[in-house]
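Reading through the structure tokens given below for one structure.
The values are calculated or read from the model by the stated rules, or taken from the named source; none is laboratory data. The model shown is predicted, which means the values in this text are computed figures rather than measured ones. Neighbour counts run over all protein chains shown; Cβ positions are idealised from the backbone, glycine included. Calculation scope for accessible area: heavy atoms of the full protein, side chains included, ligands and nucleic acids excluded. Shrake-Rupley method; radii C 1.70, N 1.55, O 1.52, S 1.80 Å.
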Amino acid sequence: MRIITYRQALNEALDEEMARDPRVFLFGEDIAIYGGAYGVTAGLWQKYGDERVIDTPISENGIIGTALGAALTGLRPVAEIMYIDFIGLCMDQLNNQVAKIRYMFGGKCRVPLVIRTEGGAGRTLGAHHSQSLESWLIHIPGIKVVMPATPYDAKGLLKSAIRDDNPVVFIEHKMLYNTKGEVPEEEYLVPIGVSDIKKEGKDVTIVTYSRMLLFSLEAAKILEKEGISVEVIDLRTLLPMDIETVVKSVKKTNRVVIVEEDCKTGGTGAEIGMQIIENAFDYLDAPIIRVAGADVPMPKSPVLEKLAIPDVERICKVVKDVLK
Amino acid sequence: MEITKELAIKLLKQMMEIRQFEDMIMELLAKNIAEGGSHLYAGMEAVAVGAISVINPDDYITSTHRGHGHAIAKDGDLKALMAEILGKKTGVCKGKGGSLHLADLSKGNLGANGIVGGGIGIATGAGLSIKLKKENKVVLCFFGDGATNNGIFFECLNMASLWKLPVIYICENNKYAMSVSVERSHAVKDITKKALAFDIPSENVDGQDVLAVREVVEKWVNYARQGNGPSFIVANTYRYYGHSRSDPRVYRTREEEKFWRERDPIIIFGNKMKEMGILNEEEINQIEEEVKKEIEEAVDFAIKSPYPEPEELYTDLYV
């Protein structure tokens, strides 16, 4: 199978969906001439023109509000919030309008809106360009939250998100854009709300998503050599969360490590862990342990930044701890 | 502007419907039949009725936390609206929205909003949608004086002007953002000036005069339909009741209230129609009686309607 980057996979998804459905248009900061801060929309403005790829002013709340109005009246916008750190600027529109409008109106409208954004540390960009804020978003009923880790999933999930009649927040990771993976030439979709066992194992289950999948797989490889068999589950979608796949795995391995990049306190891992306890407590032979981001604003220094997020070594150590 | 008898009846009746609807809700709140809160539109009827009377059924509006008037003027069903305010299953949003979220997309009402300024983004997006789809529709975006101090107002007016979107932004200046007066919260007292920053044409209109509102809104609706872009209208008006039911109105004087009540939009319009010989006293009384009956029927319907079933809690969240 051909190998392409995560960035290219996303670009293909947008291109294919725009070609397939004239109601789809892109809307955000620096996405047209510039091609997106991380190049995801490169070439699409040249191909589809001003009315399908729209550069907006720096007005995040206005971008999401306007995209919502367009979605309510028959279009299928893909809005871009350049960094997830800027989501605070549009949290009113996202939380109060986008997520709730269908429910508040008794189901009498649809919001086919995708909000693409990216997050995560790794480029030493400091506290305003490196956050992992997905736990804010999974606390909002009415939206879906998708965080793909591989080029294959990125493409298939973005296409599904664009075809979904519900609002989907699609969170990419800045350190994944240049990663490569197998992506078929022919069309395919990856369903939202279905997690994926990226590596089978029998001794311990790692539950993870986004970039931390790559770290977890690397850790699993190292541990394998030491005779520890790790099962790695990529959640892919955080809301709705496919906990069944996780529970099934826990029933097999009886041990769980959660690996997440976001801050530990009140983080996504807390939700994952609690759902495991609610659904598979009797099968646990050891406490669930989180390997998570530090509860600090992301520091600039490359040394400190590395310490603020999980690394392969820490994951290996924690896996061994739960096996003790 | 020429007024046919048919139009006069329609305008007067709608204003009366809104007034009596709101008076009735105040009564239901006092009797605890209506729970929670409600922001009443009484006193401001000429703005919603005048503005919405010049657009087509398939044009859009967005409304505010004080949204009953807009919903009624946009061909809202009185029974379904009343039932919604009481949280009943037969409500226009199945009892899940309430007073702050009256909406009926089938009639182009993109919804009231619990957040001040919350509808401005939606209206601008509907305008973008119209432009991209090359339709000949317009959007009337209603909001209060308070919303023009909100960030999304500035973000969206900029985009609407930049892209020449067919949105008529209508600020209902009723002088108070809850308790804080325009004088105490706006650096610019003439709110129309805010549109200058975006090169959007703007003007003030007497919000107590339904015909004046019609004339101004019609002008800017035509302007928008011709592809010239947005406009900004400040309708100067007054709400008779407080911000909400718990408001003792300590921030304004009884004299000021009296002044505005003497400028009642329904009386002004009724007198004008009598002067012009279009409607007589008897006809006006007859309309009022008809409306009274309609409101009674709506309340009866709402009170007798069932609440949603428990299983409705989890429906309508996702498609």
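Residues in region B:155-173: is at least one away from every other protein chain (no Cβ under 14 Å) and assigned to a loop (DSSP other than H, G, I, E, B)?
Of region B:155-173, the ones away from every other protein chain (no Cβ under 14 Å) are B:168, B:170-173.
From what is left, the residues that are assigned to a loop (DSSP other than H, G, I, E, B) are none.
No, region B:155-173 contains no residue that is away from every other protein chain (no Cβ under 14 Å) and assigned to a loop (DSSP other than H, G, I, E, B).
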Residue hits (region A:91-101; open to solvent by 10 Å² or more (accessible area, probe 1.4 Å), part of a helix (DSSP H, G or I) and more than 8 Å from chain B (Cβ to nearest Cβ)) are A:91, A:95
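For residue B:151, are the conditions met, namely being open to solvent by 10 Å² or more (accessible area, probe 1.4 Å), away from chain A (no Cβ under 14 Å) and within 21 Å of residue A:67 (Cα to Cα)?
no
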Here are the criteria: (1) in contact with a His (Cβ under 8 Å, 6 or more places away or on another chain); (2) more than 8 Å from chain B (Cβ to nearest Cβ). Tell me which single one residue A:104 does not satisfy.
(2)
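Got a sec? Which helices (runs of 4 or more DSSP H) wholly within region B:11-125 have at least 1 residues that are within 14 Å of chain A (Cβ to nearest Cβ)? If you could, list the steps in order and put the result at the bottom.
Numbers: elements: B:45-52, B:68-73, B:78-85.
Here the list reads B:68-73, B:78-85.
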Look at region B:13-36 and say how many of its residues are open to solvent by less than 50 Å² (accessible area, probe 1.4 Å) and small (Gly, Ala, Ser).
2
One residue is enough: does region B:73-87 have a residue meeting the conditions open to solvent by less than 10 Å² (accessible area, probe 1.4 Å) and out of contact with any helix residue (DSSP H, G or I) (no Cβ under 6 Å at 6 or more places or on another chain)?
yes
Within region A:96-107, can one find any residue that is assigned by TED's automatic domain parsing to the domain that holds residue A:9, at pLDDT 95 or above, out of contact with any Gly (no Cβ under 8 Å at 6 or more places or on another chain) and of a type in the set (Val, Ile, Thr)?
no
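Out of B:239, B:245, report the one residue that is surrounded by 20 or more Cβ atoms within 10 Å (Cβ to Cβ), closer than 28 Å to residue B:34 by Cα and of a type in the set (D, E, K, R). Steps first, please.
On the way: B:245 fails: surrounded by 20 or more Cβ atoms within 10 Å (Cβ to Cβ).
Exactly one residue qualifies, and that residue is B:239.
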Give me the pairs: first residue in region A:186-212 and among the aromatic types (Phe, Trp, Tyr), second residue in a loop (DSSP other than H, G, I, E, B), beta-carbon distance under 6 Å, and six or more apart or on different chains, which are they?
A:209/A:147; A:209/A:235
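Being β-branched (Val, Ile, Thr) and either open to solvent by 10 Å² or more (accessible area, probe 1.4 Å) or part of a helix (DSSP H, G or I) (or both) is the filter here, so list the residues in region A:5-40 that pass it. It would help to see each step written out before you state the result.
Start the filter on region A:5-40 by keeping residues that are β-branched (Val, Ile, Thr), which leaves A:5, A:24, A:31, A:33, A:40.
Answer for region A:5-40, where residues must be β-branched (Val, Ile, Thr) and either open to solvent by 10 Å² or more (accessible area, probe 1.4 Å) or part of a helix (DSSP H, G or I) (or both): A:5, A:33.
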Leading residue by the ranking (nearest to the other protein chains (Cβ to nearest Cβ)) among those in region B:130-143 that are buried (at least 24 other Cβ atoms within 10 Å of the Cβ) and in contact with an Asp or Glu (Cβ under 8 Å, 6 or more places away or on another chain):
B:139
May I ask you to list the residues in region A:41-85 that are part of a strand (DSSP E or B) and either facing another protein chain (nearest Cβ under 9 Å) or under 21 Å from the mean Cα position of the chain (by Cα) (or both)?
A:54, A:76, A:77, A:78, A:79, A:80, A:81
Please state which of the following conditions residue A:80 fails to meet, knowing it meets all the rest: (1) in contact with a helix residue (DSSP H, G or I) (Cβ under 7 Å, 6 or more places away or on another chain); (2) surrounded by 21 or more Cβ atoms within 10 Å (Cβ to Cβ); (3) among the acidic types (Asp, Glu).
(1)
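How many residues does region B:181-205 hold that are part of a strand (DSSP E or B) and surrounded by fewer than 19 Cβ atoms within 10 Å (Cβ to Cβ)?
Total meeting the criteria: 3.
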Can you find a residue that is of a type in the set (A, V, I, L, M), within 30 Å of residue B:137 (Cβ to Cβ) and open to solvent by 10 Å² or more (accessible area, probe 1.4 Å) anywhere in region A:106-128?
no
Of everything in region A:139-175, what is open to solvent by 20 Å² or more (accessible area, probe 1.4 Å), within 12 Å of the chain's Cα centre (by Cα) and within 14 Å of another protein chain (Cβ to nearest Cβ)? Give them in sequence order.
A:144
Any residue that is crowded, with 24+ Cβ neighbours inside 10 Å and free of Cβ contacts under 8 Å to residues at least 24 places away in the same chain - is there at least one of those in region B:53-60?
no
Does residue A:88 count as over 14 Å from residue A:143 (Cα atoms), surrounded by fewer than 23 Cβ atoms within 10 Å (Cβ to Cβ) and within 14 Å of chain B (Cβ to nearest Cβ)?
yes
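If you check residue A:277 against the conditions, is it under 17 Å from residue A:246 (Cα atoms), free of Cβ contacts under 8 Å to residues at least 12 places away in the same chain and either among the hydrophobic types (A, V, I, L, M, F, W, C) or surrounded by fewer than 13 Cβ atoms within 10 Å (Cβ to Cβ) (or both)? Please lay out each step first, then the result.
Numbers: under 17 Å from residue A:246 (Cα atoms): yes; free of Cβ contacts under 8 Å to residues at least 12 places away in the same chain: yes; either among the hydrophobic types (A, V, I, L, M, F, W, C) or surrounded by fewer than 13 Cβ atoms within 10 Å (Cβ to Cβ) (or both): yes.
Considered against the rule, which asks whether it is under 17 Å from residue A:246 (Cα atoms), free of Cβ contacts under 8 Å to residues at least 12 places away in the same chain and either among the hydrophobic types (A, V, I, L, M, F, W, C) or surrounded by fewer than 13 Cβ atoms within 10 Å (Cβ to Cβ) (or both), residue A:277 comes out as yes.
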Here the residues within region B:160-179 that are farther than 16 Å from residue B:202 by Cα, open to solvent by less than 50 Å² (accessible area, probe 1.4 Å) and of a type in the set (A, V, I, L, M, F, W, C) are B:163, B:177
